[in-house]
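Notes follow once the structure below has been shown.
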């Protein structure tokens, strides 16, 4: 069975040599450079322990410096699986999602026809290049000169000109013996619907030849010289040679430049690619008149692990970038990503080069943002999140977007980064202090954790002298330690943790690390330890007011930790409510004392006493906590008793 031309090239473009070999080879991580596709390991073809087997993933070949075995993905499968050529092709095609072509007795005829069409296209390239030197192309030459394209650039990119008129190319090729049916099949002329001779597709346009990865001319892009033309840029129609969704402009030179270490830059149009290449950014490509497609994205990743999408600094450029995100999310995998370089507003890469030079473009490319940041910008820019409903809507949208990522590990890292950005956005909106800490009393009155600043009378009261703020900090420490003892419960208390003042800076840092680890609870304790240090973390759990708590003595008991956190949060709530009522009452007493004020104080005191009850007031075996859960009395009161003793000792002083 013979395969159609281009099938094996497409198969090699879609196949990662490193992934194919990775099924049989254990890579040496010290010697390999995965980011550059430079992989080393023991050879699977002869027994050895040294890493003499080398894979160049970008070029798609392997070589063993021990036994001299070499080849591509097809030959690797043939040798390691002991199969024939066609069976190896079928294995790789199935993995790449390509349908094997059916046996066609006329395959050789098709191959011959494609060869003929490629030859016709080459003759068209030469025809258009010759026309650019004639007087009819004077205006086109002036335009190219204004765009900064010298003779060397015109030669390198084989730029030509299609004169006005309906039959110049047709007659020029006919004079060289090219049949009209081949011109039609190559997309150079169109059939007239008025019964006349086929007419030229390109007229009065600057012509840019489009070549495939093998270097064959397969299509043209034409830039109109008439400003009133309906289509500023016109591409060849799809033909037996040309599939615009599976090719890139300047593909072959860009692949070579990328192999020499240059970053792959994806621009919007032909002129941008030419300008970038002439300025030293040789690994530049462009899609062919359409938005980036999945096959084009896979081609980019075969060239570079992290292409840079360089787009115009206007709304259209951003819309194009957002479309690329939607396309790329389901295709992402570890080591394969995108970065986005947004040009200054109103400029494309060519404009920026002519205005400020290559250094300005290099600066923009060096500052290209990861895709996760542009995704965040897409969902948040120009929006206000001043209500729980809007914040919840943002969370819902972002969860749905990153859920499209198939790689579980990568999806988790996207979630972590988005949580960090969300954390910073919402902290900033609430006016938190540095590092997300809040100063006591900085909350607005409507927040239940926000008592107003105490009056002079309150400052000298026994309540403050007895350490009410200190008690609050102790309870915060218990809450954080209880969650670290059973990290899986953190998500249940996310809102309360997010709003907890954390008067102690270290507690604020622990709280922040817990919030950022929701969704990756297994790493929560390690993150906290990295943030505050091992000794500080150990000191937290050894502290007298923490170590006596039952759930700390029984780490991993999620139900006990859940009850502990719920009860301590309820007590802090009651404590803050009591302070708020007390401050208000003091203000009211300065004006007018009445029974309503004393009734309010009594109610607040009763709520505080119930939430923080420390005495055994009944003979039941269980107490009911504020969350409705039953708590064994024998495991309930150690912490509260300790706090009671602290209060008593301070009052005696």
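The values are calculated or read from the model by the stated rules, or taken from the named source; none is laboratory data. Computed from a prediction, not measured in an experiment: that's the story for all the values here. Using ideal geometry, Cβ is built from the backbone for each residue, glycine included, and neighbour counts are taken over all protein chains shown.
When you scan the range 159-175, how many residues do you find that are touching a residue at least 40 places away in the same chain (Cβ under 8 Å) and buried (at least 19 other Cβ atoms within 10 Å of the Cβ)? Let's see the steps before the verdict.
Here is the first cut: in the range 159-175, the ones touching a residue at least 40 places away in the same chain (Cβ under 8 Å) are 159-164, 169, 172-173.
Those still in the list that are buried (at least 19 other Cβ atoms within 10 Å of the Cβ) too: 159-163, 169, 172-173.
The total comes to 8.
Can we say residue 285 is in contact (Cβ under 8 Å) with a residue 12 or more places away in the chain, closer than 18 Å to residue 220 by Cα and in a strand (DSSP E or B)?
On the way: in contact (Cβ under 8 Å) with a residue 12 or more places away in the chain: yes; closer than 18 Å to residue 220 by Cα: yes; in a strand (DSSP E or B): yes.
So residue 285 passes the test.
Looking at 93, 118, which one is in contact with a helix residue (DSSP H, G or I) (Cβ under 8 Å, 6 or more places away or on another chain) and within 26 Å of residue 215 (Cβ to Cβ)?
From the options 93, 118, the qualifying one is 93.
Taking the range 53-71 on its own, how many of its residues are in a loop (DSSP other than H, G, I, E, B) and either modelled with pLDDT of 90 or more or crowded, with 17+ Cβ neighbours inside 10 Å (or both)?
4
Could you tell me which of the residues 353, 410, 375 is surrounded by 14 or more Cβ atoms within 10 Å (Cβ to Cβ), touching a helix residue (DSSP H, G or I) at 6+ places or on another chain (Cβ under 8 Å) and under 16 Å from residue 325 (Cβ atoms)? Spell out the reasoning first.
Details: 353 fails: under 16 Å from residue 325 (Cβ atoms); 410 fails: touching a helix residue (DSSP H, G or I) at 6+ places or on another chain (Cβ under 8 Å).
The unique qualifying residue is 375.
Which residues, counting only those in the range 494-529, are more than 23 Å from residue 426 (Cβ to Cβ) and out of contact with any helix residue (DSSP H, G or I) (no Cβ under 8 Å at 6 or more places or on another chain)?
526
I'd like the full set of residues that are part of a loop (DSSP other than H, G, I, E, B), exposed (fewer than 15 other Cβ atoms within 10 Å of the Cβ) and either at pLDDT 85 or above or at positive phi (or both), limited to the range 2-27.
26
Among the listed residues 243, 229, 272, identify the single one that is under 21 Å from residue 160 (Cα atoms), surrounded by fewer than 22 Cβ atoms within 10 Å (Cβ to Cβ) and modelled with pLDDT under 95.
Just a single option satisfies the conditions, and that option is 229.
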